[in-house]
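Structure first, commentary second.
The values are calculated or read from the model by the stated rules, or taken from the named source; none is laboratory data. Since the model is a prediction, treat every value here as computed from it, not as a measurement. Cβ sites come from the backbone with ideal geometry, for glycine too, and all protein chains shown count toward neighbours. Remember, those area values only see protein heavy atoms, side chains included, never the ligands or the DNA or RNA. Shrake-Rupley method; radii C 1.70, N 1.55, O 1.52, S 1.80 Å.
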Amino acid sequence: MTDLLRRLMRTPQGAIGLILLAVLAAACLFGPWLAPHDPEKMDFLGRFRSLGAQNWFGADQFGRDVLSRLLVGARSTLPMALAATLLGTVAGAVVGTASAYLGGRWDEAIMRTIDAVMAVPGLLLALLLVSTLGNGAGNAMIAIAVTFAPGMARVTRAVALTVRGQDYVKSATVRGESASWIIFREMLPNVMAPVVIEATIRVSFAVMLFATLSFLGLGAQPPASEWGLMVAEARQYVHQAPWILIAPSLAIALTAIAFNLLGDGLRDAMNPRDER
């Protein structure tokens, strides 16, 4: 792990990604204590207050401090995106590995089903699922996880097909180990490197998708300080106070950039061709 971190820090994209993620992690962990004001406190005399010493990022249409809402809102946006990516990755990795191991008709049936699901655009599928499950951050997380699972299954299967032919898998089969043992104990641990890289990059898409669902009123609900919801509430006041729209939009963009850079850095750090 130490060696991987050292190689990751040697890459410019990995170093920048880690720095940005450290800032985001600090916002998630210590946001409520770092916030200079109560994020829900309204000050109607300070509506649309511009950037200044009293409100560093300005105030919104209710006089609430934008910076405080961003810091507290990190706890609503990032953990949900990470949880959705984790659920989708685990489900997809298990399905993809099982499909590669079973082969034959089982593999064909699973892959054709996944192809059919992937034919539906991700945002549309998430909208359909949230509309069925109901509005709310939890349902949005489930919808994003289901949306990501097919793509992760296809990525995992491609790697698992190579792993299936390795000697340790053949030895486990000869020993009479069960299919579940071989899938979970022999194959899955050996396909995780590319899966982790893919999952890291997909977190950025989860952040944007979760923000999109909240923007459309299907994710987090008022008065939550979720970033996508902040953008939705601010759009009608963009001509009066553009900072209340720009601040959460930049937060979403920087988060997506951070995870993309980290994924690129991990890809280079874990590439065996780079080892000397």
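What the table below lists for this structure:
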| quantity | calculated |
| --- | --- |
| Label corresponding to volume of the Cα convex hull per residue in Å³ when calculated from the structure given, among [x] 149; [y] 219; [z] 191 | [x] |
| Of all accessible heavy-atom area on segment 8-128, the percent that carbon and sulfur account for (1.4 Å) | 73 percent |
| Cα long-axis angle, helix 192-215 against the chain (0 to 90 degrees, to the nearest 10) | 30 degrees |
| Cut-off 19 Å, label 7 Å out along Cα→Cβ of Leu123, residues of segment 237-251 by amide N | 246, 248-251 |
| Cα-based helix-to-principal-axis angle, 66-102 vs the chain, degrees rounded to 10 | 10 degrees |
| For the chain: relative contact order, % (alpha-carbon pairs under 8 angstrom, 6 or more apart) | 27 percent |
| Per residue, in Å², the accessible surface of segment 143-276 once ligands and nucleic acids are set aside, probe 1.4 Å | 46 Å² |
| GNM result for the chain, Cα springs below 10 Å: residue of Arg105, Arg235, Arg202 fluctuating most strongly | Arg105 |
| Hz values of 3J(HN,Hα) by residue in segment 159-170 - Karplus curve (6.51, -1.76, 1.60), Gly and Pro given as x | 6, 5, 4, 6, 5, 4, x, 6, 5, 5, 6, 5 |
| Accessible area, probe 1.4 Å, largest first, for residues His239, His37 | His239, His37 |
